[in-house]
Amino acid sequence: MMTLLFTMDLLLVLEKFLLIGAVISFALVVAMYTTYAERKIAAWMQDRRGPNRAGPLGLLQPVADGVKLFFKEEIIPIASNRFLFVLGPALAMITAMLTSAVIPWGEYIEVLGRKVNLQIADVNIGILYVFGVVSMGVYGIMIGGWASNNKFSLLAAVRGASQIISYELAMGLSLISLLMMTGSLSLKTIVEQQMNGSWNIVYQPLGFLIFIICVFAECNRTPFDLPEAENELNFGYHQEYSSMKLGLYLFSEYVNMFISSAVMATLFFGGYDIPFVDESALAASWGPNLTALFCFMALFAKVLFFLFVFIWVRWTIPRFRYDQLMDLGWKKLIPLALANMIITAVVMLLIKN
Amino acid sequence: MERLTNRVKVMEQKPMSFMESLYLPAIFKGMAITFKHMFRKKATINYPEEKRPFSPIFRGLHVLNRDEEGRENCTACGLCAVACPAEAITMEAAERTPNEEHLYREEKYAAKYEINMLRCIFCGLCEEACPKDAIYLSETFAPSSFTRKSFIYSKDELLIPHPVNEPEKFEAAKGAREARQKN
């Protein structure tokens, strides 16, 4: 093991660690301020003002919320399964973060003559990895709900599990038609194809629609927030949680939103592609570092737009009833995704011949 | 069955069409509405910095009035206590001594004057009953507190600040009463 470590490029290890640290802290800060944006936008949509007391424009509000959660009493119910009770929120947070590993945040930068890829891991099965991690996310909810030993939590966990599993099918099917076009599972390759051609949303509008609906369901966001339905299930699976364990559950939702926005931007909206700009010409004139910065800004703008859509939808539409949710998933989205797949296949064959 | 009014709206109960069952058109319509609301005028105000104007007949906390020289108007006649439907007012009268003439306007004054703000219903009958213009309801709200005892306001909490010694505080406590009475 030690010899393996030494034979590896130590600088590469360091580089990856720094990149991981940067991505995770960035994701956390963005998630923090998404909570602030959520409250502000919710307020505006309801003709209110939103938080404006803590700091200028209320910008310190997320810090105040975090500090409050840290100082709350940590309660672990006697009847709960202690180990799983602690494991639940940790798992929710870890799976929320893990997906960020395969997202390309930019092309590359040059530091001290080294070419640093702005992607933690350019695995050739990137999308499969995303699916694998996302389906693990359901364990955070299930374990948390079950370990609480509370019937509301348990019901919520069962709901959450069945919802996420149902919508994963439609999600996967909608992506298959995208994969038939790109022919690659690597997110970096998909982005590079979009940089040379046009964005995938042009070819796959229906696929994107199905995908975004499924992403809403996977993130447990309204209208699919049945696991935490506060008026039916008393906040559902995190009812027994307090202090920062509750904070991790709430926070992982926002991290999930951020990461899935990044995935949507990468798959359908060109990733770090700046619209109407030739990046290779830009890199030639401005150097790779500045170009990477602008590419990252482009990706971040797309992510912010999707985050806004998440919030916008949440404060517009009410929650689905459970049977409506299952109807939509199984009877509408899966057939639509299948139809989309067949149409894509037929059109591709017609173009080829 | 014959209808009583022509306002009845008959609902059609037909199954949703495919587009409707996708919910999307309705969702987009709703999103357009919420987006429009983001730019509307806010219904709320930044309260401690901004305050809404009171209605001319607003009845807030009581004020025990003084005349221009700063002498208390109240003669402890007890008419306010009699008028009070909630029995919130209690008082004790005392006789003015010769060296107290700068403190009290008439020979009799209220040595103790208490209003229980938890009993008070802010009807303003005490103000109407007072023959000496000694008590009126101002534009201050009842503040919050942790104890019931602190809601029994004694004379030093009710008295308006001295108009000669503390003119600024007096003006602030007076409220817009005179302007209202002119109208």
| message | Going residue by residue through the stretch B:88-103, is there one that turns out to be more than 22 Å from B:PRO131 (Cβ to Cβ), surrounded by fewer than 18 Cβ atoms within 10 Å (Cβ to Cβ), of a type outside the set (Ser, Thr, Tyr) and within 14 Å of chain A (Cβ to nearest Cβ)? | response | no
| query | In the stretch A:146-163, which residues are crowded, with 18+ Cβ neighbours inside 10 Å and of a type in the set (Ser, Thr, Tyr)? | reply | A:SER148, A:SER153
| task | Sort out which residues of the stretch B:22-38 are among the aromatic types (Phe, Trp, Tyr) and more than 8 Å from every other protein chain (Cβ to nearest Cβ), and write them in order of number. | result | B:PHE28
| Which ranges mark the helices (runs of 4 or more DSSP H) fully within the stretch A:1-117 that have 1 or more residues being touching a residue at least 12 places away in the same chain (Cβ under 8 Å) and in contact with a Leu (Cβ under 8 Å, 6 or more places away or on another chain)? | A:10-45, A:61-71, A:82-98
| For the stretch B:124-149, which residues satisfy the criterion of being over 26 Å from B:LEU103 (Cβ atoms) and either in contact with a Phe, Trp or Tyr (Cβ under 7 Å, 6 or more places away or on another chain) or not charged (D, E, K, R) (or both)? | B:GLY124, B:LEU125, B:GLU139, B:PHE141, B:ALA142, B:PRO143, B:SER144, B:SER145, B:PHE146, B:THR147
| query | Limited to the stretch B:22-59, what total is found for residues that are out of contact with any Asp or Glu (no Cβ under 8 Å at 6 or more places or on another chain), surrounded by 11 or more Cβ atoms within 10 Å (Cβ to Cβ) and of a type in the set (Ser, Thr, Tyr)? | reply | 2
| In this structure, does B:ALA76 turn out to be buried (at least 17 other Cβ atoms within 10 Å of the Cβ), more than 14 Å from every other protein chain (Cβ to nearest Cβ), aliphatic (A, V, I, L, M) and in a helix (DSSP H, G or I)? | no
| task | Just give me the residues in the stretch B:112-136 being loosely packed, with under 13 Cβ neighbours inside 10 Å and out of contact with any helix residue (DSSP H, G or I) (no Cβ under 8 Å at 6 or more places or on another chain), in sequence order. | result | B:ILE121, B:ASP133
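Condition check ((1) closer than 30 Å to A:VAL309 by Cα; (2) modelled with pLDDT under 85) across all residues:
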residue	(1), (2)
B:MET1	no, yes
B:VAL10	no, yes
B:SER17	yes, yes
B:PHE28	yes, no
B:ALA32	yes, no
B:PHE35	yes, no
B:PRO48	no, yes
B:LYS51	no, yes
| message | I'd like to verify a number: residues in the stretch A:271-320 that are among the small types (Gly, Ala, Ser), within 29 Å of A:ASN220 (Cβ to Cβ) and in a helix (DSSP H, G or I), how many? | response | 2
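The values are calculated or read from the model by the stated rules, or taken from the named source; none is laboratory data. In this text the structure is predicted, and so the values were computed from the model without any measurement. No Cβ is skipped: glycine too gets one built from the backbone with ideal geometry, and neighbour counts run over all protein chains shown.
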